[in-house]
């Protein structure tokens, strides 16, 4: 039997792809057209005419007409002394405003996702949402920030950062129009960084040390996190230092962060080591931002957390404890290096990340909404911890949910200048809990395994304007062996400041 819904969905997908491609090609063509050379023989433009008031002032006679008496000169003591030159006001404080305006058009083949794919379950083909598509228009990923550098004192440098975007949480009952057009402020980063010759401190909200974020992020137009990506920001206190030399940089750091469960009473603990080889530098891009010129780098980091969950009861009086932990190994390897940022043409860079751990679903870009077993007589259990980190089994034993995954990406910057670039990324991850053997054959709110693939084309129309066109494929396999997929076409425009 023909499926009209599928036919309409395919037509919608094709129409969006054609429209996005035409728009993108027009922008690229405009970027490639050089401005006309100035005509050396052309006459210089005449200076603009002075305004009427200025002309009147210029034409006024130096002395009044004969029939008008000139005003008497003021007495000598009433004449004001000549004004002194203004004294410039200077400050050693430096404030920088930065950010971007972003506009995105996306088409999905299912109704599974909002603007971001992230840790979201794909709706299966046997559901309405899994067999119909949707189109998004959004500017909510636009953001701005302020960076303030204080005067250096005794070799100590202090920097404060405040950064916000419009991806804040909104009530579930808000209308679709309000969700998109009235984005709520969200705090991305708010921290103070103190640097000295011996030790560095970071105090406030920033990226996790786990995964050495954001240094190893892939180049993509996709909103972070993509599936199976180590990602997150949280309030923290971090101490470390980057030991620099001509040959290599060695950075070590340790941090305590807000735990995933405040009732655990114990903060997250993270630590890491990163090495950069200064003699081998290349170009890489974090997400869809500007290009960076950095040394070949390898990072190793870990996380440990203690969880204390109320017992599996409608009226708990006791608790159960479990430990979570994780390891992340990350790399940025310039396959074809670049001498400088303005010499990016023909640069080729490999990025990679591997993670493994348990009780860490909130920081590795996975959907893991695994329910606890039902209580007898219809009683309701209310856990004091977010979904996806732990679960009680059929014997009321508390189990952490383990995840292992990896991500690999390539970035190539086309000659001669690198203003045009292409990138591709592949990720894969799986968990040890959502299986048929553990009784999750009918579970639809979490999956056992996932894959993600994307391909991206970037064009720098001007130094401040970038366009990106992307194809993104997401796949999830459930405990019963059924696989759900979504395909996304995304056109993005960025204006950086």
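Take the range 436-448 and flag every residue that is under 13 Å from residue 480 (Cβ atoms) and surrounded by 15 or more Cβ atoms within 10 Å (Cβ to Cβ).
Across the range 436-448, the qualifying residues are 438, 440, 443, 444, 446, 447, 448.
Taking the condition of being at pLDDT below 95, farther than 16 Å from residue 490 by Cβ and in contact with a helix residue (DSSP H, G or I) (Cβ under 9 Å, 6 or more places away or on another chain), how many residues in the range 92-135 meet it?
Residues that pass the stated criteria total 1.
I need every pair where a residue in the range 423-445 that is under 21 Å from residue 225 (Cα atoms) has its Cβ under 7 Å from the Cβ of a residue that is in a strand (DSSP E or B) and at pLDDT below 95, sequence separation at least 6 or different chains.
Pairs found: 431/368.
Would you mind listing the strands (runs of 3 or more DSSP E) fully within the range 407-493 where at least 2 residues are farther than 23 Å from residue 106 by Cα and at pLDDT 95 or above?
Numbers: elements: 420-431, 449-462, 465-477.
The strands (runs of 3 or more DSSP E) meeting that bar are 420-431, 449-462.
Any residue in the range 111-123 that's in a loop (DSSP other than H, G, I, E, B): show its pairings with residues that are at pLDDT below 90 and buried (at least 21 other Cβ atoms within 10 Å of the Cβ) at Cβ separation under 8 Å, as long as the two are six or more apart or on different chains.
118/365; 119/365; 119/368
Name the single residue, out of those in the range 156-173 being in a loop (DSSP other than H, G, I, E, B) and over 18 Å from the mean Cα position of the chain (by Cα), that is surrounded by the most Cβ atoms within 10 Å (Cβ to Cβ).
To start, the set of residues in the range 156-173 that are in a loop (DSSP other than H, G, I, E, B) comprises 166-173.
Add one more test, that the residue is over 18 Å from the mean Cα position of the chain (by Cα), and what stays is 170-173.
Numbers: 170: 13, 171: 8, 172: 5, 173: 5.
Filtering first and then ranking leaves 170.
Hey, any hits in the range 136-143 for a residue that's in contact with a helix residue (DSSP H, G or I) (Cβ under 9 Å, 6 or more places away or on another chain), part of a loop (DSSP other than H, G, I, E, B), under 17 Å from residue 168 (Cα atoms) and in contact (Cβ under 8 Å) with a residue 40 or more places away in the chain?
Yes, there is a match, as at least one residue in the range 136-143 is in contact with a helix residue (DSSP H, G or I) (Cβ under 9 Å, 6 or more places away or on another chain), part of a loop (DSSP other than H, G, I, E, B), under 17 Å from residue 168 (Cα atoms) and in contact (Cβ under 8 Å) with a residue 40 or more places away in the chain.
Of all residues being modelled with pLDDT under 95 and in contact with a strand residue (DSSP E or B) (Cβ under 7 Å, 6 or more places away or on another chain) in the range 388-406, which is surrounded by the fewest Cβ atoms within 10 Å (Cβ to Cβ)? Just the residue, please.
Looking at residues that are modelled with pLDDT under 95 and in contact with a strand residue (DSSP E or B) (Cβ under 7 Å, 6 or more places away or on another chain), I get 393.
Filter the range 466-478 down to the residues that are closer than 16 Å to residue 428 by Cα and without any contact (Cβ under 8 Å) to a residue 60 or more places away in the chain, then identify the one that is surrounded by the fewest Cβ atoms within 10 Å (Cβ to Cβ).
Looking at residues that are closer than 16 Å to residue 428 by Cα and without any contact (Cβ under 8 Å) to a residue 60 or more places away in the chain, I get 473.
With (1) on the phi > 0 side of the Ramachandran plot; (2) in contact (Cβ under 8 Å) with a residue 24 or more places away in the chain as the list, and residue 108 as the residue in question, which single condition is left unmet?
Here residue 108 clears every test but (1).
Would you confirm whether or not the range 174-196 contains a residue that is modelled with pLDDT of 95 or more, in a loop (DSSP other than H, G, I, E, B) and closer than 29 Å to residue 281 by Cβ?
Within the range 174-196, the subset modelled with pLDDT of 95 or more is 186-196.
Filter again for in a loop (DSSP other than H, G, I, E, B), leaving 196.
Checking which are closer than 29 Å to residue 281 by Cβ leaves us with 196.
Yes: one or more hits.
Restricting attention to the range 124-135, report how many residues are surrounded by 17 or more Cβ atoms within 10 Å (Cβ to Cβ) and part of a loop (DSSP other than H, G, I, E, B).
3
For the range 305-328, what are the residues that are under 19 Å from residue 275 (Cα atoms) and surrounded by fewer than 17 Cβ atoms within 10 Å (Cβ to Cβ)? So that I can check it myself, show each step before the final result.
Pass one, the range 305-328, residues under 19 Å from residue 275 (Cα atoms): 327-328.
Hit for the range 305-328 is 327, nothing else.
Is it fair to say residue 240 is part of a strand (DSSP E or B), at pLDDT 95 or above and closer than 20 Å to residue 360 by Cα? Give the steps one after another, and end with the answer.
Details: part of a strand (DSSP E or B): yes; at pLDDT 95 or above: yes; closer than 20 Å to residue 360 by Cα: no.
Criteria not met by residue 240.
If I filter the range 357-375 for residues that are surrounded by 15 or more Cβ atoms within 10 Å (Cβ to Cβ), modelled with pLDDT of 95 or more, assigned to a strand (DSSP E or B) and out of contact with any helix residue (DSSP H, G or I) (no Cβ under 6 Å at 6 or more places or on another chain), do I get at least one hit?
Yes; the residues of the range 357-375 include at least one that is surrounded by 15 or more Cβ atoms within 10 Å (Cβ to Cβ), modelled with pLDDT of 95 or more, assigned to a strand (DSSP E or B) and out of contact with any helix residue (DSSP H, G or I) (no Cβ under 6 Å at 6 or more places or on another chain).
Are any of the residues in the range 241-259 touching a helix residue (DSSP H, G or I) at 6+ places or on another chain (Cβ under 6 Å) and surrounded by 20 or more Cβ atoms within 10 Å (Cβ to Cβ)? Full working, then the answer.
As a first pass, look at the range 241-259 and keep what is touching a helix residue (DSSP H, G or I) at 6+ places or on another chain (Cβ under 6 Å): none.
No, every residue in the range 241-259 fails to be touching a helix residue (DSSP H, G or I) at 6+ places or on another chain (Cβ under 6 Å) and surrounded by 20 or more Cβ atoms within 10 Å (Cβ to Cβ).
Confirm whether residue 210 is in contact (Cβ under 8 Å) with a residue 24 or more places away in the chain, touching a helix residue (DSSP H, G or I) at 6+ places or on another chain (Cβ under 8 Å) and either assigned to a helix (DSSP H, G or I) or under 23 Å from residue 254 (Cα atoms) (or both). Write out each step before concluding.
On the way: in contact (Cβ under 8 Å) with a residue 24 or more places away in the chain: yes; touching a helix residue (DSSP H, G or I) at 6+ places or on another chain (Cβ under 8 Å): yes; either assigned to a helix (DSSP H, G or I) or under 23 Å from residue 254 (Cα atoms) (or both): yes.
Judged against the criteria, residue 210 is a match.
Quick check on my filter: what residues within the range 424-433 are crowded, with 17+ Cβ neighbours inside 10 Å and within 19 Å of residue 118 (Cα to Cα)?
424, 425, 427, 428, 429, 430, 431, listed by residue number.
From (1) in a loop (DSSP other than H, G, I, E, B); (2) within 19 Å of residue 390 (Cα to Cα); (3) in contact with a strand residue (DSSP E or B) (Cβ under 7 Å, 6 or more places away or on another chain), pick out the condition that doesn't hold for residue 317.
Of (1) in a loop (DSSP other than H, G, I, E, B); (2) within 19 Å of residue 390 (Cα to Cα); (3) in contact with a strand residue (DSSP E or B) (Cβ under 7 Å, 6 or more places away or on another chain), only one is false for residue 317: (3).
Have a look at 419, 451 and point out the one that is surrounded by fewer than 22 Cβ atoms within 10 Å (Cβ to Cβ) and under 21 Å from residue 118 (Cβ atoms).
451
The values are calculated or read from the model by the stated rules, or taken from the named source; none is laboratory data. All of these numbers come straight from a predicted model, not from anything done at the bench. Every residue, glycine among them, receives a Cβ derived from its backbone with ideal geometry; neighbour counts consider all protein chains shown.
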